[in-house]
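All remarks here apply to the structure that follows.
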Amino acid sequence: MANKGPSYGMSREVQSKIEKKYDEELEERLVEWIIVQCGPDVGRPDRGRLGFQVWLKNGVILSKLVNSLYPDGSKPVKVPENPPSMVFKQMEQVAQFLKAAEDYGVTKTDMFQTVDLFEQEHKREFTESQLQEGKHVIGLQMGSNRGASQAGMTGYGRPRQIIS
C-alpha cells in the first residue's frame, strides 16, 4: 500500500469533490443495518469514511454479514475466531465475502475488488441517481442489425480456397 502525500491544485479539487459526495447518513443507516443483522458484538466504527473503511477492512464483519443473510445452518464463509492481522489473510477473508455475495446474487458489476478496499482506490464518485440512470442505458447495438457479423468468414479448419 503506497503512502500518498497531500494533494495540490487540480488533484486537490477532484479529491474535495469526491469527499463532498460521501453520504454520512447512508453510512449511519448501513452501520445500523449491519448491527441488526450481525448483532451488537460487531461494535461500531469511528464516524467518517476512514473509520467505516477500517471497520470493514479485515473482512470479519463482512463475512458475518453475508453469513447472516443465508438460512440457519448454511454459512458460506468461515469466520475466524480472532480477526486476521496479516494483510494477505485479511484480503483472503474479503475475497471469500465477495465470492459468497456473488453466489447470493449480487452482480459482479456492483461489487468492488479486494485490493480497492486496501488501497483506498476506485472510491464511488457518482450519485445514487446516476447509478439508477445507468441501469436504463441501452447498449449501442441494441436493436440494430448492422452490428458485427461473421458474413464472409470461412469456417474453422477449412483450407483457404485460392483459385488462379
With respect to the numbered conditions (1) closer than 25 Å to Leu69 by Cβ; (2) of a type in the set (Gly, Ala, Ser); (3) outside any helix (DSSP H, G or I), which one is the sole condition not fulfilled by Gly5?
(1)
Helices (runs of 4 or more DSSP H) contained in segment 41-122 and holding at least 3 residues more than 16 Å from the chain's Cα centre (by Cα) and loosely packed, with under 15 Cβ neighbours inside 10 Å:
87-104
Does any residue in segment 8-33 that is free of Cβ contacts under 8 Å to residues at least 12 places away in the same chain and in a helix (DSSP H, G or I) come within less than 9 Å, Cβ to Cβ, of a residue that is of a type outside the set (Asp, Glu) and loosely packed, with under 11 Cβ neighbours inside 10 Å six or more places away or on a different chain, and which pairs are these?
Arg12/Pro6
Just give me the residues in segment 59-100 being touching a Pro at 6+ places or on another chain (Cβ under 9 Å) and among the small types (Gly, Ala, Ser), in sequence order.
Gly59, Ser63, Ala100
Can you find a residue in segment 9-22 that is surrounded by 13 or more Cβ atoms within 10 Å (Cβ to Cβ) and within 27 Å of Gln96 (Cα to Cα)?
yes
For the list (1) in contact with a Ser or Thr (Cβ under 9 Å, 6 or more places away or on another chain); (2) modelled with pLDDT of 85 or more; (3) under 29 Å from Ser7 (Cα atoms), I need the number of the one condition that Lys21 fails.
(2)
Counting just the residues of segment 40-64 that are without any contact (Cβ under 8 Å) to a residue 12 or more places away in the chain and not charged (D, E, K, R), which one comes out farthest from Leu117 (Cα to Cα)?
Pro40
Quick one: what pairs do we get from segment 65-88, first residue within 23 Å of Pro40 (Cβ to Cβ) and touching a residue at least 12 places away in the same chain (Cβ under 8 Å), second part of a loop (DSSP other than H, G, I, E, B) and among the small types (Gly, Ala, Ser), C-beta under 8 Å, 6+ apart or different chains?
Pro84/Gly59
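The values are calculated or read from the model by the stated rules, or taken from the named source; none is laboratory data. Just so we're clear, the structure is a prediction, and the values are computed from it rather than from any experiment. When we count neighbours, we look across all protein chains shown, and the Cβ atoms used for this are built from the backbone with ideal geometry, even at glycine.
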